[in-house]
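J.: Here it is, the structure, as structure tokens.
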Amino acid sequence: MVQLKSAITCPACGYRSVETMPTDACQYFYRCKSCGLEMQPKKGDCCVFCSYGDVPCPPIQDQRGCCNADSRYGGESAD
């Protein structure tokens, strides 16, 4: 069964927030509710939930694959 909630942890301040993941799109950006850091997926990950969440996004859970992370950054690192 696909889980739709994931706790995102901010890499800057450690704040955790439980969020509902979209089922039909990748979420590329997420702003920390505590410190305001705008998070982006780590290189090789398709979305912020795969990079910073405790549960990967629904397409990955379903083994459907997800968006191509490298194509949206022109092949450069998002780090």
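J.: Convert each backbone phi in region 53-60 into a coupling constant with the Karplus relation 6.51 cos²θ - 1.76 cosθ + 1.60 (shift: θ = phi - 60°), then list the ³J(HN,Hα) values in order as whole Hz, x for Gly and Pro.
T.: Calculated HN-Hα couplings, in order: x, 8, 9, x, 4, x, x, 5 Hz.
J.: Now, a different point. Hey, can you grab everything whose amide H is under 5 Å from the amide H of MET39? Only 5+ residues off in sequence or another chain; H modelled, so Pro and N-termini drop out.
T.: Here the answer is TYR30, ARG31, CYS32, since their amide H atoms fall under 5 Å of that of MET39.
Readers should treat all values here as calculations from the given coordinates under stated rules, not as data from a laboratory. Keep in mind it's a predicted model, so treat the numbers as computed, not measured.
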